[in-house]
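I have placed the structure first, in the form of C-alpha cells, so that the comments after it can refer back to it.
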Amino acid sequence: MEFILITGRTIDQGKFKEHAKITEKYMESVAVCEMHIDDMMKIGVRDGDNIKVITKDGSVVVKVKRSKRIKTPGVVFIPFGPWVNSILPSETEGTGMPQLKGFKVRIEPTSEPVPDIKELLLKTYGSKK
Amino acid sequence: MQVVSGVLCPFCGCCCDDLEVIVENNTIVDVRNACALGASKFMEYATHRNTKPLIRKNGELVETTLDEAIKQCAKILAEASYPLLYGWSNTSCEAIKVGLELAEEVGGVIDNTSTVCHGPSILAIQEVGIPGCTLGQIRHRADLIIYWGSNPWSAHPRHLERYTALSEGRFQRAAWKRYLSRLILESARKRRYRAAGRVLKGGAAALPPTEEERRMLPPPEERKLVIIDVQKTRSADLADIFIKVEPGGDYDVLQALRALIRDEELDVDRVAGVPIEELEELADLMVNCRFGIIFFGLGLTMSVGKSRNVEAAIKLTRDLNMYTKFLIMPMRGHFNVTGANIVFTWQTGYPYAVDFSHGYPRYNPGETSAIDILSRGDADAALIVASDPVSSFPRRAVENLVKMPLVVIDPCMTPTALMADVVIPSAFVGIEAEGTAYRMDHVPLPLKKIAEPPKGVLPDAEILQRILHEVREIKGVS
Ligand code: SF4
C-alpha cells in the first residue's frame, strides 16, 4: 500500500543520538515507523511487528508503532536517522536540498528482522576495502 | 565538587546559556536547567566515545598514532583533485575558520549542514531579504507567536520557555497557567470521551462538546501561540490555535493568507485541507497583533516547494508590516549552524556550498552543494568534521561518499566514522574545549571548557591546524 512519509525529529532521537548512534537505544528510537491504527489494520500489522518501507531508491525494514499523534490515515512518520535515510531520494531540483518530507512510499508486512546499524551499513553500502 | 554556572548548551540552536554543571574529579555528575536533550549530551558524552585515532588496514579500522592519522589525512586531501570538506555546525567558529583555510589550500568544496536543513531558507533570504530581530526582543514584546512546520517541544525544547510563549517578558506575561489549565481540561475531556465511548450508542461521537471544550482565545492583550503543521505534535497541544495543513500544502496556505490579509475574497471552502474560516481567523489575529513573529522549521524547507515556501512566508511577513510589526526567523538545528553560515560568509562571501576549485570562492547551490556533488560522484575524497552524513544524507549520496577516501574528525564513533579510512577523535566543543558559537538569532556566545579531554585528544581547531600545516608541507608552501 502507498503512504506519504514524513521524517522529523523526536525527543528520543535527539536524546539517544548523544549516547552514540551505535547503541540499541538509538536504534529503537529511530528504526520505527509511526502509523495510524486504521493503516495498520489495512496492511495487517500490529504494534511492534516488522514492516518493509520501499521507495524507488531502496527498501528498509523497521518496526511499526501505533501513533497517537497521526490523525490522518495515509500519512506515516519515521524519525531522522540512517534507517530512513537509506531509502530517501537524492534529487535536489537545483536547490542543494533533497525532499525529505512528504513523499510516497510503499509499505508491506515482513518477517525479515530490523538490521542493527552495522548490518544496515553493510547491507546498504557494502563493506569498506 | 565544582559548580560551573553560565554554561552554554552545545546541542541545539537555542544555545541556552544558563546551565549549571556540577563537576567532580573531571567528571560531570549533574547538570541543571538543561532540557532532556541538553542533559543527555552533558551526562552521556563520555560513554561510547572514541579516544583513539584509527586507520583502515586490510578492510579493518586499527589503532594508530595521532601523527600518523594527521599525515594520512593531509596526504588524502593534498592528492585529491576535488575534495569535499563537510560538517562544521557542531564545532566552534574558530575551527570553522581553519577549515575554510584548509579548503582553499586544497582547492576543494566546503559545505556545512545547512545544505540539508535551512539551505532553502538562505536561498529565499537572498531573494527577498528577512526582517529579523534577537530572541530577547521576542521574549519581551511579541504577543503573537507562530511556529510553522516546526515542533519546538521535540527539537528545541526550551525555546518556548526561554524566548516565546512560556517566557516572562518585560511587556508580556508568560502563558504557563493558561496552558496548564488547557492540558488539564484536555485530559478530562479524553477521560469523558473514553467513558462515553463505552456506554453510549454511537460511542464518543454521540457526546456533544461542553462549553469549556469549545476553543476560546485568550483576551486580546495576552500573548497567543499558534502552531501550523502537518500533524498534531506535542507543541500543538499547547497552542491556542492549531492549524493542520495537508503535507505539501504550506505554499498554498501561505499565499491564501497573503490574499486574506489584503481583504481579498477566496472562492474556496478549504486550502490544503484547512477550512477558510480558520485562515480568516488567523489572518485577523495577525493583522491585529502588536508584535508578531513566525518561527519556521524544516516543515517548510524539506517539503515540496522548499525555498519557495520560505519565500512565501517572508513575503507574508513583509505584507503584514503594512499593518503591524511582524518578524520571521528560521529555527536553526545544530548549536553552531548559524556560526558556520556567518564564518563562511565573512571569509568567502557565501554562507555554504563554497567551491575553491577555481582558486577563488564560487557558490551555486544545486551544483556546489554536498548532496549534488556526491550524487554526481564528482568528489574524490572527503573530510567530515563533527557531522554524520551517513546518517543524514540520502542513499545515492552516501553510496558515493563511502567509496572515496574518507576522513572523519569526531568525538564519537558515528556511522560515518565506521565507514571511514581515517578517524581522528576530537574534544567535545563546549564541554572539553572552548570556542564561540552563534545562537539562531545571530548573537555570538562563548562556549566553556568544563572538563579535560582524554589524554592525547585535541580540539577540532588544533587538529585542523595540524592538518593544514601538513598539507602545506606536502605542497611545499610555507
Ligand atoms: S533547548 Fe537546546 S540549547 Fe537549550 S538546553 Fe535544550 S538542547 Fe540545550
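Rule-based calculations on the coordinates, nothing more; no lab input. Every value quoted in this text rests on a predicted model; they were computed, and no experiment measured them. Glycine also receives a Cβ, built like all others from the backbone with ideal geometry; neighbour counts cover every protein chain displayed.
Tabulated results
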quantity: Cβ-based exposure ranking for A:ASP12, B:ASP269, in which fewest neighbours within 10 Å come first; calculated: B:ASP269, A:ASP12
quantity: Inter-site label distance for B:VAL304 and B:ALA36 at 7 Å from Cα along Cβ, in nm; calculated: 3.3 nm
quantity: Other-chain or far-sequence residues with amide H under 5 Å of B:LYS325's (modelled H); calculated: B:GLY292
quantity: Eligible aspartates and glutamates near B:LYS97 by straight Cα distance, threshold 12 Å, same-chain separation 8 or greater; calculated: B:ASP460, B:GLU462
quantity: Mean Cβ neighbour count within 10 Å, used as a protection proxy, ranking B:449-458, B:422-431 highest first; calculated: B:422-431, B:449-458
quantity: Percent RCO, i.e. relative contact order, over segment B:46-143, from Cα pairs under 8 Å lying at least 6 residues apart; calculated: 18 percent
quantity: Using a Förster distance of 30 Å, the FRET efficiency for B:THR134-A:GLU93 (Cβ separation, nearest 0.05); calculated: 0.35
quantity: Distance-filtered residues of segment B:441-478 - backbone nitrogen under 17 Å, label point 7 angstrom along B:ASP380 Cα→Cβ; calculated: B:475
quantity: Average Cα contact separation per residue, segment A:2-125, under 8 Å, 6 or more apart, as relative contact order %; calculated: 37 percent
quantity: Segment A:86-119 versus segment B:301-332: alpha-carbon centroid distance in Å; calculated: 28 Å
quantity: Stretchable slack from B:THR47 to B:GLU186, in nm (0.36 nm times residue separation minus alpha-carbon distance); calculated: 46.1 nm
quantity: Exposure proxy ranking, count of Cβ atoms within 10 Å, fewest first, for B:SER307, B:SER181; calculated: B:SER181, B:SER307
quantity: With Cα atoms, 0 to 90° folded angle of helix B:176-199 axis to chain B main axis; calculated: 70 degrees
quantity: Percent of Cα pairs exceeding the 27 Å cut-off, where the set is chain A; calculated: 15 percent
quantity: Signed unit charges on C-beta, dipole axis of segment B:39-168, positive-most listed residue B:ILE96, B:ILE76, B:ALA39; calculated: B:ALA39
quantity: The protein assembly as shown: projected area of the alpha-carbon convex hull, averaged over directions, in nm²; calculated: 28.1 nm²
quantity: Gyration tensor verdict on segment B:49-107 (Cα atoms; rounded if a/c is under 1.5, prolate if a/b is larger than b/c, oblate otherwise); calculated: oblate
quantity: Förster radius 41 Å - calculated FRET efficiency between A:MET1 and B:GLU473 (Cβ-Cβ, nearest 0.05); calculated: 0.10
quantity: Fully extended contour minus Cα-Cα distance, from B:ASN321 to B:GLU222, at 0.36 nm per residue; calculated: 33.6 nm
quantity: 10 Å Cβ neighbours from other chains, averaged over peptide B:300-310; calculated: 4
quantity: Virtual spin-label span in nm between A:GLU24 and B:VAL4, 7 Å along Cα→Cβ; calculated: 3.3 nm
quantity: Share antiparallel - DSSP beta bridges, the protein assembly as shown, percent rounded to 5; calculated: 50 percent
quantity: Per-residue ³J(HN,Hα) for segment B:407-414, Karplus 6.51 cos²θ - 1.76 cosθ + 1.60, θ = phi - 60°, Hz, x for Gly and Pro; calculated: 10, 10, 10, 7, x, 10, 7, 7
quantity: Leading residue at positive end of dipole, chain B (Cβ point charges), from B:THR414, B:SER181, B:ILE463; calculated: B:SER181
quantity: Pair-distance profile P(r), taking every C-alpha pair of segment B:363-441, with 5 angstrom steps and integer %; calculated: 3, 15, 22, 20, 16, 13, 9, 1
quantity: Taking A:TRP83, B:TRP153 and counting other C-beta atoms within 10 Å, the order from fewest to most; calculated: B:TRP153, A:TRP83
quantity: Cβ crowding within 10 Å averaged over residues, with B:122-132, A:86-96 ranked highest first; calculated: A:86-96, B:122-132
quantity: Crossing angle, helix B:119-128 versus chain B [Cα axis fit, 0-90 degrees, rounded to tens]; calculated: 70 degrees
quantity: Net charge dipole size for the protein assembly as shown [Lys, Arg +1 and Asp, Glu -1 on Cβ; Debye, nearest 20]; calculated: 1520 debye
quantity: Table column - 3J(HN,Hα) (Hz), segment A:124-129, Karplus curve with 6.51, -1.76, 1.60, x for Gly and Pro; calculated: 7, 10, x, 8, 8, 8
quantity: Above-threshold pairs, the threshold being 25 Å between Cα atoms, out of B:LYS224/B:LYS306; A:LYS21/A:LYS101; A:LYS25/A:LYS118; calculated: B:LYS224/B:LYS306
